[in-house]
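For reference, the structure is listed below as structure tokens.
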Amino acid sequence: MAYSASRKALMSVFSSSSSSPSTPSSPARASRPQSIVTRLRAAGCVFAEDEARLLICAAATPADLAVMVDRRAAGVPLEHVLGWAEFCGLRIAVDPGVFVPRRRTEFLVHQAAALARPAPARQPPASQTRARPVVVVDLCCGSGAVGAALAATLGEIELHAVDIDPAAVRCARRNVATAAGRVYEGDLDRPLPATLRGRVDVLVANAPYVPTREVTLLPREARVHELRAALDGGADGLDTLRRVAGTAPGWLAPGGHLLVETSERQAPIVAEILTGNGLRPRVAGQDEWAATVVIGTKAADA
């Protein structure tokens, strides 16, 4: 379902931004798509017609197109074949093996942006407005999609992101470059500069939360082509989230927020974990994308 929703979003970008298929923009655009559609459909691609058009538009030459079609027909995620994924209206670079940002994670971005930017009725007078940019930390950042989307939504922010996967770190650095974001390679908060302690306004974590026994139930595209560490959250799926909750209060500014994506089933347990670490929890959900976010807020006087 997650891949299907993300793919629909990618197709919508194509349909709204591509030129007419009858007007070639690259040598590969002259290729007749029907044979490609037939092959992709035989490989199980649900959106074969749209995928064929995307591949034809992306390929520089007929030879490149043939390679791309071969990879997609072999089960490589479309986003890895194209080299990008659509997320919050942005084109996010996604290299082979890097976790593909899911559509439901856009809900995490929306929740984080709302907390980082006070409602107009509650904004302080101009003389009392924040003298510094919002400080955002993105743990388990993957491609850096969440941080890049927050920067695009909020404007100037101080963005720090971390991932343990070197390929993801390289990818994230490209995606957050326009926001002057800093990306560190390492385990959760360990690479973060100590100067951030007590200064973080919003800490987001799209950490793995699939229970180990359920990883085999994920779509083959995820199981085969994404890093296991980006999917497997341990016995109950919450091993990494527990570690994030344990370390977050030391980084958060008074009144700061921790936001984590999880499943609806796990949300009550995650809320208890946040409470146990001194954060005030609440759960937000969005049915259309089957998205659940648990938010933990640090006391303003802490």
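The values are calculated or read from the model by the stated rules, or taken from the named source; none is laboratory data. Computed from a prediction, not measured in an experiment: that's the story for all the values here. When we count neighbours, we look across all protein chains shown, and the Cβ atoms used for this are built from the backbone with ideal geometry, even at glycine.
What to note about this one:
- Elements of type helices (runs of 4 or more DSSP H) in segment 186-302, at least 2 residues being over 23 Å from residue 164 (Cβ atoms) and either out of contact with any Cys (no Cβ under 9 Å at 6 or more places or on another chain) or assigned by TED's automatic domain parsing to the domain that holds residue 133 (or both): 267-276
- Of everything listed in (1) hydrophobic (A, V, I, L, M, F, W, C); (2) without any contact (Cβ under 8 Å) to a residue 24 or more places away in the chain; (3) surrounded by fewer than 18 Cβ atoms within 10 Å (Cβ to Cβ), the single unmet condition for residue 48 is (3).
- Selection status of residue 129, modelled with pLDDT under 95 and either surrounded by fewer than 24 Cβ atoms within 10 Å (Cβ to Cβ) or within 20 Å of the chain's Cα centre (by Cα) (or both): yes
- Residue 44 satisfies every condition listed in (1) modelled with pLDDT under 95; (2) part of a helix (DSSP H, G or I) except (2).
- Filter result for residue 104 (under 30 Å from residue 155 (Cα atoms), under 23 Å from the mean Cα position of the chain (by Cα) and in contact (Cβ under 8 Å) with a residue 12 or more places away in the chain): yes
- Enumeration of residues in segment 87-101 that are surrounded by fewer than 23 Cβ atoms within 10 Å (Cβ to Cβ) and farther than 12 Å from residue 175 by Cα: 88, 89, 96, 97
- Hits in segment 142-185 (condition: over 20 Å from residue 102 (Cβ atoms), of a type in the set (Gly, Ala, Ser) and either in a loop (DSSP other than H, G, I, E, B) or not assigned by TED's automatic domain parsing to the domain that holds residue 228 (or both)): 155, 180, 181
- Number of residues in segment 162-182 that are of a type in the set (A, V, I, L, M) and buried (at least 23 other Cβ atoms within 10 Å of the Cβ): the value is 4.
- Pairs where the first residue, in segment 56-73, is assigned by TED's automatic domain parsing to the domain that holds residue 36 and free of Cβ contacts under 8 Å to residues at least 40 places away in the same chain and the second is surrounded by 17 or more Cβ atoms within 10 Å (Cβ to Cβ) and among the hydroxyl-bearing types (Ser, Thr, Tyr), C-beta under 7 Å, 6+ apart: 56/31; 62/31; 65/31
- On the stretch given as segment 183-195, residues that are surrounded by 18 or more Cβ atoms within 10 Å (Cβ to Cβ) and within 21 Å of residue 296 (Cα to Cα) total 3.
- Every listed requirement among (1) under 21 Å from residue 101 (Cα atoms); (2) surrounded by 21 or more Cβ atoms within 10 Å (Cβ to Cβ); (3) in contact with a helix residue (DSSP H, G or I) (Cβ under 6 Å, 6 or more places away or on another chain) is met by residue 286 save one, (2).
- Residue ID - modelled with the lowest pLDDT, chosen from residues in segment 104-121 that are out of contact with any strand residue (DSSP E or B) (no Cβ under 9 Å at 6 or more places or on another chain) and under 28 Å from residue 244 (Cβ atoms): 119
- Residue match in segment 148-164 (condition: farther than 21 Å from residue 112 by Cβ and of a type outside the set (D, E, K, R)): yes
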